[in-house]
Amino acid sequence: MTAADTGRDAAPLLGLVLAGGRSARMRSDKAALLYGGRSQLERAMELIAPHVARAYVSVRADQDADPLRARFAQIRDTHENLGPVAGLLAAQAAHPHAAWLVLACDLPLLDEATLAYLVSSRAPQRAATAYRSSHDGLPEPLCAIWEPRSAAALAAYVAGGRQCPRRFLLSADTELLDEPNPRALDNINTPEEYRSAMTELLPEASAAPKRISVQYYALLREQAGRRDEALTTRARTPAELYAELARRYPFSLAPEMLRVAINAEFRDWTAALADGDAVVFIPPVAGG
């Protein structure tokens, strides 16, 4: 089939960014996590928009008024407790004649080239086009194109008590592609994975030595044995700085239990540090 044939025969392509998860392991909303000053949901919508006629955010019924999600066109889940497949079922029911470019909102390493290759390799005569995982060789359902012909089979699959979209693609007529970037589809589920992704995404130039002042409160003050200090560090974010300090002092509090302020303003743990910054780590109950 030629590219012209594919374009002529293909159903219109719509976009769906899955943002209806409960982020239980992250312990905060993954869609709102910041990467380079933008939320992950904003970044995903910007990536998907050029490839589709219209992009939607998949949400649970209780999320539609969330200020971040409310900025975008939405499709609300019509099934509960089905995980990501609920978003796809709702989208296929809302627009049964469309194909869906489905994208999870927790793929911070996804690049434009990976998404463009998926779209250019679309096989509309099949049930779906998906990447083969670089980790285990199985289909990646949450960066994939789902054709209209997959809808009835997927609905029957779920009605039979199953809900894993990866296993569905294994048994369906799926076009499988090798990932051009083997890290692009690594998803982020925990605070530790988030910090690791931010370290990878931040430019190396920001790791230059910088002079930082740090203040400690409550338990951290006791464990550090001091109220404050000035130090030279190559840490690029508060998360990296805290990890560096935790190797020096017997800190017992995980970063998730603290708040961080830079220059008297509460900031995200992935905010970029600059020479001369004043950093404060604040325990749940700050005292003295």
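The values are calculated or read from the model by the stated rules, or taken from the named source; none is laboratory data. Fair warning: this is a prediction, and the values are worked out from it, not measured in the lab. Cβ placement follows ideal geometry from the backbone for every residue including glycine, while neighbour counts extend to all protein chains displayed.
Quick one: would you say residue 124 is buried (at least 19 other Cβ atoms within 10 Å of the Cβ) and at pLDDT below 95? Give the steps one after another, and end with the answer.
Numbers: buried (at least 19 other Cβ atoms within 10 Å of the Cβ): yes; at pLDDT below 95: no.
It is false that residue 124 is buried (at least 19 other Cβ atoms within 10 Å of the Cβ) and at pLDDT below 95.
Looking for something touching a residue at least 24 places away in the same chain (Cβ under 8 Å), surrounded by 13 or more Cβ atoms within 10 Å (Cβ to Cβ) and of a type outside the set (A, V, I, L, M) - is there at least one such residue anywhere in region 224-233? Give the steps one after another, and end with the answer.
Taking region 224-233 and keeping what is touching a residue at least 24 places away in the same chain (Cβ under 8 Å), we get 224-225, 233.
Add one more test, that the residue is surrounded by 13 or more Cβ atoms within 10 Å (Cβ to Cβ), and what stays is 224, 233.
Among the residues that remain, those that are also of a type outside the set (A, V, I, L, M) are: 233.
So far as region 224-233 goes, yes, one or more of its residues are touching a residue at least 24 places away in the same chain (Cβ under 8 Å), surrounded by 13 or more Cβ atoms within 10 Å (Cβ to Cβ) and of a type outside the set (A, V, I, L, M).
Please give the strands (runs of 3 or more DSSP E) falling wholly within region 66-136 in which 1 or more residues are of a type in the set (Lys, Arg).
Numbers: elements: 74-76, 99-104, 128-132.
Output list reads 74-76, 128-132.
Based on what the data block shows, is residue 197 over 18 Å from residue 109 (Cβ atoms) and either touching a residue at least 24 places away in the same chain (Cβ under 8 Å) or not polar (S, T, N, Q) (or both)? No; evaluated as a whole, the condition is false for this residue.
When you check residue 193 against the structure, is it of a type in the set (D, E, K, R), part of a strand (DSSP E or B) and not assigned by TED's automatic domain parsing to the domain that holds residue 133, yes or no? Explain how you work it out, then say what you get.
Numbers: of a type in the set (D, E, K, R): yes; part of a strand (DSSP E or B): no; not assigned by TED's automatic domain parsing to the domain that holds residue 133: yes.
Here the answer is no, as residue 193 does not meet what is asked.
Would you check if residue 115 is at pLDDT 95 or above, aliphatic (A, V, I, L, M) and over 20 Å from the mean Cα position of the chain (by Cα)? In short, no.
The set of residues in region 165-180 being loosely packed, with under 15 Cβ neighbours inside 10 Å and assigned to a loop (DSSP other than H, G, I, E, B) consists of 173, 180. Just give me the residues in region 247-288 being farther than 14 Å from residue 231 by Cα, free of Cβ contacts under 8 Å to residues at least 60 places away in the same chain and assigned to a helix (DSSP H, G or I), in sequence order. Once the filter is applied, which keeps residues that are farther than 14 Å from residue 231 by Cα, free of Cβ contacts under 8 Å to residues at least 60 places away in the same chain and assigned to a helix (DSSP H, G or I), region 247-288 yields 247, 257. The residues on offer are 10, 73, 90, 4, and the sole one that is under 16 Å from residue 142 (Cα atoms) and either out of contact with any Gly (no Cβ under 8 Å at 6 or more places or on another chain) or at pLDDT below 90 (or both) is 90. Being surrounded by fewer than 16 Cβ atoms within 10 Å (Cβ to Cβ), out of contact with any Gly (no Cβ under 7 Å at 6 or more places or on another chain), touching a residue at least 12 places away in the same chain (Cβ under 8 Å) and closer than 26 Å to residue 37 by Cα is a description that does not apply to residue 211. For residue 157, the criteria (1) touching a residue at least 60 places away in the same chain (Cβ under 8 Å); (2) of a type outside the set (S, T, N, Q); (3) surrounded by 17 or more Cβ atoms within 10 Å (Cβ to Cβ); (4) over 25 Å from residue 33 (Cα atoms) hold in every case but one, which is (1).
Restricting to region 15-40, count the residues that are assigned to a loop (DSSP other than H, G, I, E, B) and of a type in the set (Ser, Thr, Tyr).
We begin by selecting, within region 15-40, every residue assigned to a loop (DSSP other than H, G, I, E, B); these are 19-29, 33, 36-37.
Right, trim to of a type in the set (Ser, Thr, Tyr) and you get 23, 28.
Selection size over region 15-40: 2.
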